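The values are calculated or read from the model by the stated rules, or taken from the named source; none is laboratory data. Everything quoted here is computed from the prediction, not taken from an experiment. Glycine gets a Cβ as well: all are built from the backbone with ideal geometry, and neighbour counts include every protein chain shown.
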Amino acid sequence: MQAIARALEIAPKTGNHLAIKTSSGYAFKSIQENITRWERSEWCTGAGKPVQDQALLRYVEALLRSRSGTAAVEFVPARGNHGRACARGLARMGVKLPLPVDRDWDACRLALEADGLPPRTQGKNEDSEA
């Protein structure tokens, strides 16, 4: 999920379409299906427990809304995908970098909202075609 947030932060916010591909079923379903339900349930799971990574998920959702173009998070299988092999290579390089500082995801989201973020649409992330 942090990689998706980082991709949204560094991608130009032009009118161009942005496709973020992930092999994480958790990340894909969280963004495409669960965020709206969690918002309605005040960020609690069906079992009544707080949603894990709530602050990060809310920040990713705000980043998606902040784009002037369309953005889609797409699920791709982990095996048999050329892009996956490239991502693995980047991950191997990334493990050699210093650990990132824990970020205050709520503060990041609030800063976006202070810049005049468009309102949240109901239902699935409607910027997505996936």
Listed residues R58, R37; which is touching a Phe, Trp or Tyr at 6+ places or on another chain (Cβ under 9 Å) and closer than 22 Å to R109 by Cα?
R58
Give me the pairs, please: first residue somewhere in the range 32-47 and farther than 18 Å from A62 by Cα, second residue anywhere and modelled with pLDDT of 90 or more and exposed (fewer than 13 other Cβ atoms within 10 Å of the Cβ), beta-carbon distance under 8 Å, and either six or more positions apart or on two chains.
C44/P50
Helices (runs of 4 or more DSSP H) lying entirely in the range 24-69 (those with 3 or more residues that are surrounded by 15 or more Cβ atoms within 10 Å (Cβ to Cβ) and either on the phi > 0 side of the Ramachandran plot or of a type in the set (D, E, K, R) (or both)):
54-66
Go through the range 40-55 residue by residue and tally those that are of a type outside the set (D, E, K, R) and closer than 18 Å to R109 by Cα.
5
Could you list all residues from the range 48-57 that are in contact (Cβ under 8 Å) with a residue 12 or more places away in the chain and basic (K, R)?
none
Could you check, for the range 6-21, whether at least one of its residues is under 19 Å from L117 (Cα atoms), surrounded by fewer than 17 Cβ atoms within 10 Å (Cβ to Cβ), free of Cβ contacts under 8 Å to residues at least 12 places away in the same chain and not hydrophobic (A, V, I, L, M, F, W, C)?
yes
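Here's the yes/no breakdown for (1) at pLDDT 85 or above; (2) surrounded by 15 or more Cβ atoms within 10 Å (Cβ to Cβ):
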| position | (1), (2) |
| --- | --- |
| A71 | yes, yes |
| N81 | no, no |
| C86 | no, no |
| L90 | no, no |
| K96 | no, no |
| L99 | no, no |
| R103 | yes, no |
| C108 | yes, yes |
| K124 | no, no |
Among the numbered criteria (1) more than 19 Å from E113 (Cβ to Cβ); (2) in contact (Cβ under 8 Å) with a residue 24 or more places away in the chain, which one does V60 miss?
(1)
